[in-house]
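A.B. asks: Input: one structure, supplied below.
The values are calculated or read from the model by the stated rules, or taken from the named source; none is laboratory data. Only a predicted model underlies this, so the values are computations on that prediction, with no experimental measurement involved. Cβ placement follows ideal geometry from the backbone for every residue including glycine, while neighbour counts extend to all protein chains displayed. In case anyone asks, the SASA skips ligands and DNA or RNA and just uses the protein heavy atoms, side chains included. Shrake-Rupley method; radii C 1.70, N 1.55, O 1.52, S 1.80 Å.
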Amino acid sequence: MDELSAFTGAPRQLISMEARLMEHADIVFTGGYELGDKKRKQHDNVHTFGCGVEFEHFNQASDPGTIIPPDIDFMGRPILGWFGVVDERVDYAMVGEMSRMRPDWSFAMLGPVVKVDPNLLPHSPNLFWMGSRDYQQLPNYVAAFDLCMMPFAMNASTQFINPTKALEYMATGKPVISTPVRDVVRQWSDIVYLAKTAGEFIAAAETALNEPDQDRIARGLELARKSSWENTVESMQHLIQEAIGKHERRSKQKITPLSEAELGYQYQPTPGS
């Protein structure tokens, strides 16, 4: 789902452990297209499946009857919002710059702060670091957003991401603005506004707010409606059955046990995008 070896603090053994896993895997799935292109150099049966979305769940954000929580409803409009993990993949300095450029706008950042010193996050009266919210509550919060943001940092940790939140944002019927990470550009340039800098982000936001492109929004809604997890699982199951049904397959090779030193490897979970 991501190139975790590129993340800050990733264990040195991660690359060799992944190579060992792929040596014996009959089939490999990747959650992003850039990642799939890279893994095809290591394996001859790689399939890329992009994100899925629970359309009906997130589409509640477009329902006028959806209740907006009081801890966001008080903010001045327009509200530019984000939900997701706040870590090295987020250009929080750019978000801080945008909040200073538009002090009459509100910037709502929902999600836990992970592997980043909270003391380093920028602060201003119109920038709100709101912490985690339950998945079931997300449509209520997004109902308050005027725009959905994906201000990803352009660094090694975002080179291969295919953000799940993109389709979730699209399902809400809100305009979406993102920095130009590769998979976003590759898949959704006709739906998502792209911006490299704080100034470009603000300009795109003003366009989306003042001259909403209903065609972009409609394309996003239609794509999200078709991108169910159920369809993805059905396709993956078919490919799995095909791969394990072959007489000659990688998983039939003898697997050499790990040494004591190799067993000392400690798995470090990293939240997704």
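A.B. asks: How about region 198-267: which helices (runs of 4 or more DSSP H) wholly inside it have at least 1 residues that are touching a Gly at 6+ places or on another chain (Cβ under 7 Å) and not acidic (Asp, Glu)?
C.D. replies: Numbers: elements: 198-210, 214-226, 229-244, 260-263.
Qualifying helices (runs of 4 or more DSSP H): 214-226, 229-244.
A.B. asks: Could you tell me whether region 78-87 includes any residue that is more than 24 Å from the chain's Cα centre (by Cα), touching a residue at least 40 places away in the same chain (Cβ under 8 Å) and surrounded by 15 or more Cβ atoms within 10 Å (Cβ to Cβ)?
C.D. replies: no
A.B. asks: On to the next question. Here are some residues: Met149, Met101, Met75. Which one is touching a helix residue (DSSP H, G or I) at 6+ places or on another chain (Cβ under 7 Å) and either in contact (Cβ under 8 Å) with a residue 24 or more places away in the chain or surrounded by fewer than 21 Cβ atoms within 10 Å (Cβ to Cβ) (or both)?
C.D. replies: Numbers: Met149 fails: touching a helix residue (DSSP H, G or I) at 6+ places or on another chain (Cβ under 7 Å); Met75 fails: touching a helix residue (DSSP H, G or I) at 6+ places or on another chain (Cβ under 7 Å).
Only one candidate passes the filter, namely Met101.
A.B. asks: Looking only at region 167-187, which residues are open to solvent by 10 Å² or more (accessible area, probe 1.4 Å) and hydrophobic (A, V, I, L, M, F, W, C)?
C.D. replies: Start the filter on region 167-187 by keeping residues that are open to solvent by 10 Å² or more (accessible area, probe 1.4 Å), which leaves 168, 173-175, 180, 182, 185-187.
Scanning region 167-187 gives a single hit, Val185.
A.B. asks: Identify all residues within region 123-146 that are under 17 Å from Tyr92 (Cβ atoms), among the small types (Gly, Ala, Ser) and in contact (Cβ under 8 Å) with a residue 24 or more places away in the chain; write none if there are none. I'd like the intermediate steps shown before the answer.
C.D. replies: Let us first name the residues in region 123-146 that are under 17 Å from Tyr92 (Cβ atoms), namely 123-132.
Filter once more, so that each one left must be among the small types (Gly, Ala, Ser): 124, 131-132.
Within region 123-146, Ser124 is the sole residue that qualifies.
A.B. asks: Hey, another quick one. Can you list the helices (runs of 4 or more DSSP H) lying wholly within region 46-132 that have 2 or more residues being more than 28 Å from Asn210 (Cβ to Cβ)? Spell out the reasoning first.
C.D. replies: Working: elements: 55-59, 70-73, 92-101.
It comes to 55-59.
A.B. asks: Then there is this: Among the residues that make up region 163-177, is at least one of them in a strand (DSSP E or B) and either at positive phi or not acidic (Asp, Glu) (or both)?
C.D. replies: Taking region 163-177 first, the residues in a strand (DSSP E or B) are 176-177.
Restricting the remaining residues to those that are either at positive phi or not acidic (Asp, Glu) (or both) gives 176-177.
Checking region 163-177: at least one residue is in a strand (DSSP E or B) and either at positive phi or not acidic (Asp, Glu) (or both).
A.B. asks: I want to confirm something. Restricting to region 196-219 and keeping residues that are aliphatic (A, V, I, L, M) and without any contact (Cβ under 8 Å) to a residue 60 or more places away in the chain, which single residue is least open to solvent (accessible area, probe 1.4 Å)? Please lay out each step first, then the result.
C.D. replies: Our first condition is that a residue be aliphatic (A, V, I, L, M); within region 196-219, this holds for 198, 202-205, 208-209, 217-218.
When the remaining residues are screened for being without any contact (Cβ under 8 Å) to a residue 60 or more places away in the chain, the result is 203-204, 217-218.
Details: Ala203: 50, Ala204: 12, Ile217: 29, Ala218: 55 Å².
Residue satisfying both the conditions and the ranking: Ala204.
A.B. asks: Considering only region 88-98, how many residues are open to solvent by less than 20 Å² (accessible area, probe 1.4 Å) and either hydrophobic (A, V, I, L, M, F, W, C) or more than 18 Å from Val181 (Cβ to Cβ) (or both)?
C.D. replies: At the first step, the residues of region 88-98 found to be open to solvent by less than 20 Å² (accessible area, probe 1.4 Å) are 89-90, 94-96, 98.
Within this subset, residues satisfying the condition of being either hydrophobic (A, V, I, L, M, F, W, C) or more than 18 Å from Val181 (Cβ to Cβ) (or both) are 90, 94-96, 98.
Result for region 88-98: 5.
A.B. asks: Any residue that is open to solvent by 60 Å² or more (accessible area, probe 1.4 Å) and either touching a Phe, Trp or Tyr at 6+ places or on another chain (Cβ under 6 Å) or at pLDDT 95 or above (or both) - is there at least one of those in region 250-261?
C.D. replies: Of all residues in region 250-261, those open to solvent by 60 Å² or more (accessible area, probe 1.4 Å) come to 250, 252-257, 260-261.
With either touching a Phe, Trp or Tyr at 6+ places or on another chain (Cβ under 6 Å) or at pLDDT 95 or above (or both) added as a condition, the list becomes none.
Among the residues of region 250-261, not one is open to solvent by 60 Å² or more (accessible area, probe 1.4 Å) and either touching a Phe, Trp or Tyr at 6+ places or on another chain (Cβ under 6 Å) or at pLDDT 95 or above (or both), which makes the answer no.
A.B. asks: Here's a check for you: in region 1-30, which residue that is open to solvent by 70 Å² or more (accessible area, probe 1.4 Å) and hydrophobic (A, V, I, L, M, F, W, C) is modelled with the highest pLDDT?
C.D. replies: Only one residue fits best here, namely Leu21.
A.B. asks: Looking at (1) modelled with pLDDT of 95 or more; (2) out of contact with any helix residue (DSSP H, G or I) (no Cβ under 8 Å at 6 or more places or on another chain); (3) in a loop (DSSP other than H, G, I, E, B), find the lone condition where Ile191 falls short.
C.D. replies: (2)
A.B. asks: How many of the residues in region 46-84 are β-branched (Val, Ile, Thr) and under 30 Å from His24 (Cα atoms)? So that I can check it myself, show each step before the final result.
C.D. replies: First pass over region 46-84, keeping only residues β-branched (Val, Ile, Thr): 46, 48, 53, 66-68, 72, 79.
Filter again for under 30 Å from His24 (Cα atoms), leaving 46, 48.
Counting residues in region 46-84 that are β-branched (Val, Ile, Thr) and under 30 Å from His24 (Cα atoms) gives 2.
A.B. asks: Sticking with this structure for a sec: Tally the residues that are open to solvent by less than 30 Å² (accessible area, probe 1.4 Å) and over 14 Å from Gln159 (Cα atoms), restricting the search to region 31-40.
C.D. replies: Of the residues in that region, 0 qualify.
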